[in-house]
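Remarks on the structure that follows.
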Amino acid sequence: MTNRTVLGVDAGSASLREADHLIHHLVDQLGLPAGTVGCTHHIRTGRPHTAVSITLPDADAVDAVWQALTAPDAEPMGVCLAGRAHGPAHLADAAGQAAAEATARSARRAVLYPGVGRLTGTVTVADILAHTPIARLTVLGSAPGDHPAPTVEVLTRAHVRPEWRTGDLVLWLVPAVGGRLAPFEVPNPTPCCADH
């Protein structure tokens, strides 16, 4: 994918949950194609909040998406695409930061990615690696290079949020009941821990 296919969008989301909803809202509203990747990005300048990036698999869809997001009747938000910026300056700047991080495949958390719809209920490590772009699964507290066996079951809770680390999507796991594993990030965190 080229840089041209990465859009940064900032609606000033105060929490990860709001940013997750924004990604799903954009997918539904804009009819984004299969293979679209949506990620969250912590913005630490100004008032800390969360922006999102949308990486489209097809460059042909980019202009239509840009026009929809920047139309006069569109929701007010910052949007950035390949040097073009729209919206209030502080939101457009943060959208540019999100787009840059997405292009570099760093410092972001994936919400929407190919195969995420298959990660419901209980799946195996092998299923995750075979059907998604997640490259590594790491159990918190395990030795470096120690990865779970392919047959180990993962209780997804329909909430699997891997992170980009050195160019790869990595899913952090914790031990769960019955020798299984579960994603470190829980679907409904308590308010004090929602964005940590």
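The values are calculated or read from the model by the stated rules, or taken from the named source; none is laboratory data. This one's a predicted model, so the numbers in the text were calculated from it and none came from an experiment. Ideal geometry is used to build each Cβ from the backbone, glycine not excepted, and the neighbour counts take in all protein chains shown. Surface accessibility is based on the protein's heavy atoms, side chains included, excluding ligands, DNA and RNA. Shrake-Rupley method; radii C 1.70, N 1.55, O 1.52, S 1.80 Å.
Quick rundown of the values:
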read-out	value
Lone unmet requirement of (1) open to solvent by 40 Å² or more (accessible area, probe 1.4 Å); (2) over 24 Å from residue 5 (Cβ atoms) for residue 131	(2)
Which numbered condition residue 146 fails, given (1) within 19 Å of residue 52 (Cα to Cα); (2) in a loop (DSSP other than H, G, I, E, B); (3) acidic (Asp, Glu)	(1)
Residue within segment 104-118 that is at pLDDT 95 or above, surrounded by 13 or more Cβ atoms within 10 Å (Cβ to Cβ), among the β-branched types (Val, Ile, Thr) and farther than 30 Å from residue 70 by Cα present	no
Any pair with Cβ under 6 angstrom, 6 or more apart, that starts in segment 146-174 at a residue that is open to solvent by 80 Å² or more (accessible area, probe 1.4 Å) and ends at one that is part of a strand (DSSP E or B) and of a type in the set (D, E, K, R)	none
Lone qualifier among 50, 40, 45 - being surrounded by fewer than 22 Cβ atoms within 10 Å (Cβ to Cβ), of a type in the set (Ser, Thr, Tyr) and closer than 21 Å to residue 20 by Cα	45
Filtered residues of segment 66-122 (kept if within 20 Å of residue 31 (Cβ to Cβ), within 18 Å of the chain's Cα centre (by Cα) and assigned to a helix (DSSP H, G or I))	116, 117
Per-region count, segment 32-48, residues assigned to a loop (DSSP other than H, G, I, E, B), of a type in the set (Gly, Ala, Ser) and touching a helix residue (DSSP H, G or I) at 6+ places or on another chain (Cβ under 9 Å)	1
Matching residues in segment 149-173 - criterion: being in a loop (DSSP other than H, G, I, E, B), among the aliphatic types (A, V, I, L, M) and either more than 23 Å from residue 20 (Cβ to Cβ) or at pLDDT 95 or above (or both)	149, 152, 160
Residue in segment 1-12 that is closer than 15 Å to residue 98 by Cβ and in a helix (DSSP H, G or I) present	yes
Output for segment 79-138, where each listed residue is among the hydrophobic types (A, V, I, L, M, F, W, C), free of Cβ contacts under 8 Å to residues at least 24 places away in the same chain and either under 30 Å from residue 175 (Cα atoms) or out of contact with any helix residue (DSSP H, G or I) (no Cβ under 9 Å at 6 or more places or on another chain) (or both)	89, 104, 129, 130
Residues of segment 65-84 satisfying the condition of being under 20 Å from residue 40 (Cβ atoms) and surrounded by fewer than 19 Cβ atoms within 10 Å (Cβ to Cβ)	75, 76
Unmet requirement for residue 92, which otherwise passes all of (1) of a type in the set (A, V, I, L, M); (2) touching a Ser or Thr at 6+ places or on another chain (Cβ under 8 Å); (3) within 16 Å of residue 50 (Cβ to Cβ)	(2)
Criterion (among the small types (Gly, Ala, Ser), buried (at least 23 other Cβ atoms within 10 Å of the Cβ) and at pLDDT 90 or above) met by exactly one of 14, 19	19
